[in-house]
Every structure is written in structure tokens, then in C-alpha cells.
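One structure below.
The values are calculated or read from the model by the stated rules, or taken from the named source; none is laboratory data. Quantities reported herein were computed from a predicted structural model and do not represent experimental measurements. Virtual Cβ from ideal backbone geometry, glycine too; neighbours counted across all protein chains shown. Accessible surface areas use protein heavy atoms only, side chains included; no ligands, DNA or RNA. Shrake-Rupley method; radii C 1.70, N 1.55, O 1.52, S 1.80 Å.
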Amino acid sequence: MRESLVDLNKLFPSICLASGSLFFGFAQRSEAQNRYATSDNGSGYVHWIDLYDADNRKIDPAAESPKPYSPEKTCGRCHEYSTISHGWHFNATDADTKHGRPGQPWIWSDDLTGTHLPLSFRGWEGTHNPDDLGLSRWEVAAKLGGFMPGGGVGSLESLLPEDEGNEISKEQIAAAKESESEKETDEWEAEDKTHITGAVPVDCMMCHRNAGSGYSPFVWSEQIEDENFAYAPTAALGIATVSGNMTRLKGDFDPKLEENQAKLPKVAYEQGRFTSDGKVFFDLVRKPKNDSCYYCHTSRDANSVGRGLRWMHDDDVHVRAGIACADCHRNGLDHHTVRGYDGELHEAGGLVASLSCQGCHVGDDVGHGSATETGDPLAASGRLGAPMPEHKGLPPIHFEKMTCTACHSGSMPSSEVPREINSIAHRLGEHIKRTGMEAPAIFGTVNLPVDYSEYLGVETAGGDDAFHAHDKVYTPHRMMWPSYWGLIRSGKVEVLNPQQVYDIVRRPLKVRKGFEEDLGDVKLSLSDRKKILGEDRARAKEEDRTPEEQEKITAAEEEERKKQVNERMAAALEAIEEEFPNGTAVYISAGQGFVRKGEEEIEPADPELIGDAGKPYQWPLAHNVRPARQSLGANGCVECHSDESLFFQAEITPVGLLPGHEVEPIKLYDLQQADMPRLTLWNQLFAGRSQFKVAGLIALALTCLVVVSAMTWNFSRFFKR
Amino acid sequence: MQHFVTIGDLSVTQFDFRSILIYSLIGLAVLVVIGGVAINASKKTVTPAKSRSWFSKLLYLAFMATVIVLAGTSFGSILQAGHMSGYALIAHLAGAGAFTFLLLAVAVLFVPNGALPEEAGFTSDGRWWFSRASAWLLLISSIAAAGTMFFSMLPILDTPGLLEFAALHRFAGLAVVVSAVMHVFAMLCAKSGLR
């Protein structure tokens, strides 16, 4: 049974009265105002609600072909959907947004072409804008939307920016059909199946689900990858089974035709989840649980993966203290989530100043936008019982040169910067066996100097300010070296569209499972083994060979591997050059470029020609925060101020994907562009510092003694006269 | 609204040290010039002070050299960049070590002993009140400058305390420079027989 919209509106006032801004705290600080009534009760509102589909019709689970529920039409009845859907997690493509300090990129990974390319619409230096690469917004949404909460790049206003009302028109379907038929003969064109899949809906439950509610974010990811955009919230919520996927539907498919309806995914609702009047219980929370954040924001030490070593690692000290991610990374109704770095520009004004490390832990007169500076009581420090650090004896200049996180966050220093895996880049959540060494290689923690002046919300003049705008401040980072295919044209490297590259190089590369694995996979033929080991020993199994024989086989395989890599890579580069005759094809990996040398060989490209194209992308990290006694420098000054300091002397080895190509380790001081002669000289001052302190204090005490004695004697002489 | 003075208001960190530094150095230069002209114009001549031993002179010169290095690196940096860092900070710290030990030697050798010249058996450079006063000021301000930093190197003060002591250190350092100039001036006057 379907009810009209007018009738439905009669059913909802009670819900509208009861929910609202309780669901989205701090609405009063934001410009965005909630139009709906609220319950305002600390216990929250229990969401027994009707479900509505995208056409605003109430879901009948017993209907013959029920549609998936639409969060916009369901949640949007009582919550400001249009306001919420432009918050931080949804506004990457919004040109008017202030994107602030660089963050984690989306990584376009294609294991078949050896591509791991950091992408962002936010203009962060070192990332590539998908629009500039010729990737369609739809392609980005389909490839990467599995670890987004919907909307954003996959929203209708992103997919169809010039379309009034953001409706998918018949003309667009016709245009899509035309483009599909022309594809064979015309130039390569980015895929866009918006007219089939529709937009990626914002799924409120991705973040607002209660722990143990049964909502599965990985089902959401799978549905997005299956291009079942509209079905993802329903399947993930666990109230229905979705069968079928849209990946098999070609670009000229018209989902509106009656005869095509059978080809669309099917929804089978769990009727037991519905009450007799058609309501469903949504087990949700106003403030997102940590588990929700972790789905997209987990970073894990690669060495702990698959070895059962996770029990040896502590969580963030704040989490251990019972503080939730959303306690600091808050947002109002507008969903502009506080990122929490010092000087962040945010509409919440003073409040945001009190949610950074300094703002929360240090006095009210420190940090930009502080309570003293702004007079805003919301900027007052000490939130959630944050203790004020004493830093006894630590020269305050450290606070000018380093962020709090430089000493307190990230992995403990080690001689080799460890690798990490994270949710978005490595699809954590998928239930598979991992080694932790899966590409892309992401490293952390590397302390790098950052010029914050461009991210600070206010002008600062240096001086006694604890956070100089004009100085570079050491900040812990994660980093990755991109690998991709490009074209050297007019003296610089242009990144090629990775989808197009896949079409061009898949045949010459002959890769089926994985780029690195298949390129390096060689098996010597029997005739080759006969040449090496002789007729008698050629058939001997590996375990039966003598060490000398095995050595010969390994050397021959190595030679063959080198030849195979050269041949296939040269063929792939040649194929690109045939497609783009006015440039030189190049493959970038681990900071190096490789170009074709004749028909069957490749060679490293001139580094000057490669320029910054191979540079790593690095982004600041803030978690996990370690307790004070495990911070950098807790064991004394020489932890950093010595020639052996891992802060500067640790090494990092970029991971190259070309088998057989060695990559030299890089010292951190090179990445930091540190003035090592000065630091070495500085370190000398810390040799024997303890003894110097004792000797100096003795000398000072003796000086005082001499002066006091002389004073006493002078006074006595004065009175004698 | 009535404003009550609090401990925070009395903090030396609230003063604009850079301005105070500039006015102090200008004032000092003016005073030295005026003082020199006035003393020279008074035509008062006495027996020039008896020379100290070469060792005393060497220590005094070394001490003054460290004062110049410390003042140059700190005040130079403050005037130029607002704060001290880089090589200037390294030189300042290296100089500070020497300053601490030379201060003891200078205190032993140059502290005014209160003896009358005839009792001491030589013509003391301490016969002029200005010379004695500047020597006392030099010693006390030097102890304050070195003491504030040594105390800051111990795990006793927290960050606000350290910032307060750093400010005190700057003012003490300025006092060292002023008193050192005064003392050198007095020594030169005594040496040349003007006082």
C-alpha cells in the first residue's frame, strides 16, 4: 500500500517534534538553523520511523518490487539534509570551501598497471585533481566512494553540475547512448553512468549507527563498488537483501524502460524488521561512535598485521581515557567537522580554538582564537578535564619549532621508518588475509617542517607567540611515493588518466593478477634448465638441487626477470607513445622515472626531466597520541640533540614497484632539508651537558659566595669608619 | 569596571622588551658621550690607576668579549628577527658557558673590596664611586642573567615559569650590557687619570 505525500506529512509531526538538532549538536553556534522541532532530551530520540524511497513513497516491504530506502527522503523529513550534505565529509568538490592543511588523499590504485596515485579535489600540493586527469566524477565515486559516507563527489550536484534541479533527463540518457556508440571510433572518453546508477546518496547511518546495530559499512563499500549506489544504504543497514549489480549494465542502458526493470538489482526486505504499521527501528546515536570513524580512519602498523601483534599496541591515549573521536572532532548541524589543528579556520569561531591540542591543554592565552584573544568563553581551555602539561625544564622554543604531535603522536622513532596500512588505501574492513606489505606503501611517522602561515586563520607577528606564523614547524606526517604512467611533454611530466592507461597498457604488460607479481614472475623452460644444469640435472626439483645448481638457476631467473620487465615495460611505454605521439611515455615509481630505450629496454629518466613528478605526497597525522612518558624527549635532550638522533637520522626506503630495481634509502634530514652542519654543531653543546650544569652551578654558587663575602666585608668596613 | 592588579599583571613578559632594548641602548650611548664630554671638560686629573696583572687584564678582556658575543647574538637577533635561533643561539649558548666561569674569576679579581687606596697599597680603580657602583651592578646583573638560565635548565619550572625566567634573563642581560659599558667607561677614566 502506498500513501500520498500529504498523508505522510500527517504521520510525521510527532517524529519531527521529537528529533532534530539533538541529533546534530552545536546548532546554535552555526549559521545553519534547524527548521525542525527537537526533543532536546539528553536520552536522545528513539527512531521508530517509516522508510521512504527516492520518489518519496513509503516503503512497503511486502510489495512486489520494493525500492531501496532513500536516506534523503527518510531522514530528511526531520533533518536538514541539504545543510548536512555540504559538511566537511561531503564538500571536497566545492570550490568555495577552505580546504586547510593537507589531509589524507584518496589513492587511485590499480594493481594491474602499478598505479597508486594520490587524488584530491581540495588542491593539496602533491595530489592530483581527478578533473584535471580526465577522470569523470562518476568514475571517482564508483572507485573510491566505498570509503565515503555518500554525497560529495557522488552527489547529483557534483555529477551533473550544470543540470537545473539536478534531475537526470532523457536528453542525458540519449547523450550517454550516443557517446557510448561513438566510443569505438572517437577519442577515449571517461565513463559516466550517472543516468543508470543515479547519485551516491548520503548515508547518515555510515556515521550515526550505534555500535552493534547490525549496520555493515563493508556492505556499503561492496554495493558502491557494484555501482549499486542507491541500494547501498538499504543493504548496509541490514534490513534487506540486495541481489544483482549495475557493473554489468552498459552505458546505453536506460533504467527507465519497462523492459529493463528486470535487469536492475532486486531488494528483498526482511519483513520481520518492520512493525505492523510499517515502521523500522533505526539503532542510531547523535554523536558518532569511534567504530564508525575507524571504518575510514584506521591506520595500523604494517608489521602488526597478520601476526597477532595488535595486542601489543596501545590505542590513542585519549581513547583510552574514554574520550571519543567526536568529542574533539565535533560538528554542528552544518557538519563542518572540526579537524583540530592549531589555527584552523572554522565557522564555530572560538569553540574550534579550544579543540586543538594547545587550545584544550594549554592556557587560555595560547593559540590562535584563544579565549583571551577573542573573549569567547567557548574558547576556554581544559575541556573534558584536559590536564595542563608542565613541560618542566623544556625550553619553550620547542613550542615554536614543533607541533605538540611531533613529540606526542605517531609511531615511536626507529632507525627505519615503518610502513602503515590504512582503511581507505588498503580496504581495511574486507575480510581477507593480509601481509601488511600491500601497495601502496605508506610510511609513518616522519617529522617534516611545515609552513603554517597559509593554514592559519589569523595573522600572527611572531615575537613571544608560541606559534610563529613565519617559521616552519616540525609536524609528524605520513607519506607515500606515487606510482603512475605519464607523458613527458614540453619539458615536464603530465599524469595520464589511469583509466585510459589501463586500456592502453593492459595487453603489452600481460598482467593478470598484479603488476609487480606478474612482471617479476619467471619460470625457466626445460631447455633453459638443460643449458644451465645439463641434460641429467635439468629435471631435478628445487629441493633436490645442490646449492651451486640453485645459485645458477637463481642467477638465470634474475637475468630472465630483468629481460621480461624490460620487454614488457618497453612495450607498454611504446603503446602509450603510439597513442600520444607528441610526447615521451614515462613510468614513475619510488621517485624515479623510467623511459623506453629502444624496442626492448627501459632506462631511468633524467631526474631533472622528472622534476617534482616523483615527489612523495605527505600529510600531517595527529593520532595515535602517546602519553607524556612515552613522548619524544622524555628520556632527555639527547634523544633529538645528538648525532644519532632518529628524529633526523632515521631512514626511509621508497617502495618501487618495478621488480629488480633497487631503491636507495633516504635519510630523514634530506626530506626535512635540515641544516645538518648547524645541527651537528648544536649537538656538540649537548655532549656532557649534565656535567656542565653541575660545574656551572658550582661556579655560580662560588660567585655568589664571593659577592656576598665582599658585600659583608664592605659593610663592616663602612660601619668601622 | 574596576581592574585589580594580579600576579599575572606584574609579569615581566608583558613588557615590550624590544622597545625597551632600543631605548636603553640609545640612552646608554647618549650617557656615555655626555659623561665623557663632561668628565673631559672638568679637567680634573689624578694619578692614573695602577695597572693590574696581565692575568687579571686577560680575564677581564675575555669576560667583556663574552659579554659582547652574548649581547650581539641575543639583542642582535631580537632586533633583527624578534627572537634568537640558529647559529646565533649556538654562539650564545657557547658564550654563556664561558661567561659563567669567567664571571667567577672577574668577581674574585674585580669585586670592590672596600679597602682605602692607601690601605690597599695601590691606586685603585675602585676609588671612584661610579667605578665601584658599576662593578657591583655588573656582578649582580651577571649573576641574575646566568642564574635565571641555569635555573631554567633544571626540571623545576613549567612553561609559564620558563617564559617568565626567559624574560627576566633578557632584562638581566640588558643590565649586564649597561653595567659592563659603565664599568669599562669608569675603568678607562681611571686608567687615563680623569677620575
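Among the residues making up the range A:372-395, those that are crowded, with 19+ Cβ neighbours inside 10 Å and within 14 Å of chain B (Cβ to nearest Cβ) are A:381, A:391, A:394. Of all the criteria given as (1) farther than 17 Å from residue A:660 by Cα; (2) surrounded by 13 or more Cβ atoms within 10 Å (Cβ to Cβ); (3) without any contact (Cβ under 8 Å) to a residue 40 or more places away in the chain, the one not satisfied by residue A:536 is (2).
Those helices (runs of 4 or more DSSP H) of the range A:188-229 in which 2 or more residues are open to solvent by 40 Å² or more (accessible area, probe 1.4 Å) occupy A:217-225.
Being open to solvent by less than 20 Å² (accessible area, probe 1.4 Å) and in the same structural domain as residue A:129 (by TED's automatic domain parsing) holds for only one residue in A:89, A:47, and it is A:47. Cβ-Cβ contacts under 8 Å between residues 6 or more apart (or on different chains), taken from a first residue in the range A:263-288 that is open to solvent by 40 Å² or more (accessible area, probe 1.4 Å) to a second residue that is among the hydroxyl-bearing types (Ser, Thr, Tyr), are listed as A:266/A:65; A:266/A:243; A:268/A:241; A:268/A:243; A:270/A:241; A:283/A:213; A:283/A:215.
Here residue A:378 meets each of (1) part of a loop (DSSP other than H, G, I, E, B); (2) in contact with a Leu (Cβ under 6 Å, 6 or more places away or on another chain); (3) modelled with pLDDT under 85 with one exception, condition (1).
Residues in the range A:409-418: is at least one open to solvent by 20 Å² or more (accessible area, probe 1.4 Å), over 30 Å from residue B:162 (Cα atoms), under 21 Å from the mean Cα position of the chain (by Cα) and away from every other protein chain (no Cβ under 14 Å)? Yes: one or more hits.
Could you please find all residues in the range A:140-152 being in contact with a strand residue (DSSP E or B) (Cβ under 9 Å, 6 or more places away or on another chain) and part of a helix (DSSP H, G or I)?
Across the range A:140-152, the qualifying residues are A:140, A:143, A:144, A:147.
In the set B:91, B:81, B:96, B:105, only one residue is touching a Ser or Thr at 6+ places or on another chain (Cβ under 6 Å) and within 12 Å of chain A (Cβ to nearest Cβ); that residue is B:91. The set of residues in the range A:419-455 that are among the hydroxyl-bearing types (Ser, Thr, Tyr) and touching a residue at least 24 places away in the same chain (Cβ under 8 Å) comprises A:423, A:435, A:445, A:452, A:455. For the subset of the range B:156-172 comprising residues that are open to solvent by 60 Å² or more (accessible area, probe 1.4 Å) and modelled with pLDDT of 90 or more, which member is nearest to the other protein chains (Cβ to nearest Cβ)? So the residue we want is B:156.
Within the range A:695-708, the only residue that satisfies the criterion of being within 55 Å of the chain's Cα centre (by Cα), more than 7 Å from chain B (Cβ to nearest Cβ) and open to solvent by 60 Å² or more (accessible area, probe 1.4 Å) is A:698.
With a requirement of 1 or more residues that are in contact with a His (Cβ under 6 Å, 6 or more places away or on another chain), outside the structural domain of residue A:357 (by TED's automatic domain parsing) and not basic (Lys, Arg), the strands (runs of 3 or more DSSP E) lying completely within the range A:582-693 that satisfy it span A:617-620. Here the range A:125-139 is the region considered, the condition is being surrounded by fewer than 19 Cβ atoms within 10 Å (Cβ to Cβ) and not small (Gly, Ala, Ser), and the residue that is nearest to residue A:575 (Cα to Cα) is A:132. Please determine whether any residue of the range A:709-718 is surrounded by 12 or more Cβ atoms within 10 Å (Cβ to Cβ), in contact with a helix residue (DSSP H, G or I) (Cβ under 7 Å, 6 or more places away or on another chain) and not assigned by TED's automatic domain parsing to the domain that holds residue A:520. For the range A:709-718, residues surrounded by 12 or more Cβ atoms within 10 Å (Cβ to Cβ), in contact with a helix residue (DSSP H, G or I) (Cβ under 7 Å, 6 or more places away or on another chain) and not assigned by TED's automatic domain parsing to the domain that holds residue A:520: absent. Filtered by the rule that a residue be of a type in the set (Asp, Glu) and either on the phi < 0 side of the Ramachandran plot or not assigned by TED's automatic domain parsing to the domain that holds residue A:55 (or both), the range A:204-252 gives A:222, A:225, A:226, A:252.
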